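Engineer: Let me give you the structure first, and then I'll get to my questions.
The values are calculated or read from the model by the stated rules, or taken from the named source; none is laboratory data. All values reported here derive from a predicted model rather than from experimental measurement. For neighbour counting, all protein chains shown are included, and Cβ atoms are generated from backbone atoms with ideal geometry for every residue, glycine included.
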Amino acid sequence: MTGEQLVPRPTQAINPATGEVHALDAPSTELAESLNALKQWEAQARDFKRLVSRELHERMDRDASWTIHAPGIEVRGESPGRVEYDPELLPLALAELVEAGYISEDAAREACEQVTTYKPKVRGINQLRKLGGAVTERIDECATPVDPERRRITVKTREGA
């Protein structure tokens, strides 16, 4: 292996919800149960965060101050009245304002930018790769191996389990 260093695989992991140490060589069913319990804890943590955030925003709004300082931390909230702009309507409105001479094209560009993104669709790519030859070669030039650490596992809870 040139340029790569071997990193020893961990043998245990600490569950952040409980502080419990889990041996990673435990049976798969045990690891699956631990992962499911952690998933449930994450949902509870999200709910807690949502409720506490709502309470803090209400207090910040009452005080008309959207920053709280506590020892070692600073919490910032968004002031009320925040708006989002429709990304399809705004460019049309800006173009009308440019056309009417109210604003410059530079001002319109500063207010809204066009962003084009492409999302690869694996099913379609796999269909094209079946053509073989130059098609497969050219498509494969665009592929990058995914870091194995980024692979996901999905946990679903079954009723009655």
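Engineer: Residue by residue through segment 57-86, note down the ones that are among the aliphatic types (A, V, I, L, M) and under 30 Å from GLU20 (Cβ atoms).
Structural biologist: Selection gives ALA70, ILE73, VAL75.
Engineer: Considering segment 92-106 alone, what residues qualify as being surrounded by 11 or more Cβ atoms within 10 Å (Cβ to Cβ) and touching a helix residue (DSSP H, G or I) at 6+ places or on another chain (Cβ under 8 Å)?
Structural biologist: LEU94, ALA95, LEU97, VAL98, ILE103, SER104
Engineer: Further, regarding this structure: Among ASP47, ASP63, ASP147, which is among the acidic types (Asp, Glu), at pLDDT 90 or above and under 21 Å from the mean Cα position of the chain (by Cα)?
Structural biologist: Just a single option satisfies the conditions, and that option is ASP47.
Engineer: Could I ask something else about it? Suppose we filter GLU58, GLU74 for residues that are free of Cβ contacts under 8 Å to residues at least 60 places away in the same chain and in a strand (DSSP E or B); which single one remains? Before the answer, list the steps.
Structural biologist: Values: GLU58 fails: in a strand (DSSP E or B).
None of the others qualify; the one that does is GLU74.
Engineer: Filter segment 70-91 for residues that are surrounded by 10 or more Cβ atoms within 10 Å (Cβ to Cβ) and farther than 20 Å from HIS57 by Cα and give the result.
Structural biologist: Answer for segment 70-91, where residues must be surrounded by 10 or more Cβ atoms within 10 Å (Cβ to Cβ) and farther than 20 Å from HIS57 by Cα: TYR85, PRO87, LEU90, PRO91.
Engineer: Find all pairs meeting these conditions: Cβ atoms under 7 angstrom apart; at least six residues apart or on different chains; first residue within segment 138-161 and among the hydrophobic types (A, V, I, L, M, F, W, C); second residue at pLDDT 70 or above.
Structural biologist: Going by the 7 Å Cβ cut-off, the qualifying pairs are ILE139/ILE125; ILE139/LEU128; ILE139/ARG129; ILE153/LEU35; VAL155/LEU35; VAL155/ASN36; VAL155/LYS39.
Engineer: State which residue pairs qualify: first residue closer than 16 Å to GLU141 by Cβ and inside segment 113-128, second residue surrounded by 10 or more Cβ atoms within 10 Å (Cβ to Cβ) in any location, beta carbons under 7 Å apart, and separation of 6 or more residues or different chains.
Structural biologist: Close Cβ pairs satisfying both conditions: ILE125/ILE139; LEU128/VAL135; LEU128/ILE139.
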